[in-house]
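The values are calculated or read from the model by the stated rules, or taken from the named source; none is laboratory data. Keep in mind the model is a prediction, meaning the values are calculated, not measured. Here the Cβ positions follow ideal geometry from the backbone for every residue, glycine too, while neighbour counts run over all protein chains shown.
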Amino acid sequence: MTTYNNSTNTSIPSGVTAGTYSSANITVNAAGQITAASNGSVTGNFVNQTTASVTLAADTVYLTNAGASLVTYTLPAAPAVGDVYEVIGFSAGGWTIAQNASNVIHFGSVTTTTGAGGSLSSSNQYDKVTLRCAAANTWVAYNSQGNLTYV
């Protein structure tokens, strides 16, 4: 049995249809009841990522599945504003999202180091994050799970 704190909201996978992944926001109210609603996250392709590195493609969900190997996802060089990318941890090796020159990720109250030296990474096997391109070279991280680390 899973117990949820009544102040915790999250999102969960709600289905995959013909390679299209969808998820739902779960909200827990004060009475301990939950509601689920579509969160408008990625509705594009689903990739079972079994290799060590890849450049993220817009509107794609990546399931990190490379055994003990770390998977490095690199932000695209020329994204469109509004593009969405989702990375889900599954294998023990974890994942990191690497940046190109001038890239930056805003994650809650923190910001990664601007440029190729910055990154956002999983700390645990099942960590996840969704990124949306908010402006040229600028991403906002949301729908995260786990204790992500940033540089």
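Observations on the model:
- Applying the criterion of being of a type in the set (G, A, S) and within 23 Å of L63 (Cβ to Cβ) to the residues of segment 83-112, the residue that is nearest to the chain's Cα centre (by Cα) is G89.
- Residue that is farthest from W139 (Cα to Cα), among those in segment 112-125 that are surrounded by 13 or more Cβ atoms within 10 Å (Cβ to Cβ) and in contact (Cβ under 8 Å) with a residue 24 or more places away in the chain: Q125
- Which numbered condition N65 misses (of (1) crowded, with 19+ Cβ neighbours inside 10 Å; (2) out of contact with any Lys or Arg (no Cβ under 8 Å at 6 or more places or on another chain); (3) within 19 Å of F46 (Cβ to Cβ)): (1)
- Answer from V71, V84 - the residue that is surrounded by 17 or more Cβ atoms within 10 Å (Cβ to Cβ), modelled with pLDDT of 95 or more and closer than 18 Å to C133 by Cβ: V84
- Subset of segment 128-151 [assigned to a loop (DSSP other than H, G, I, E, B) and out of contact with any Phe, Trp or Tyr (no Cβ under 8 Å at 6 or more places or on another chain)]: A136, N137, N147, V151
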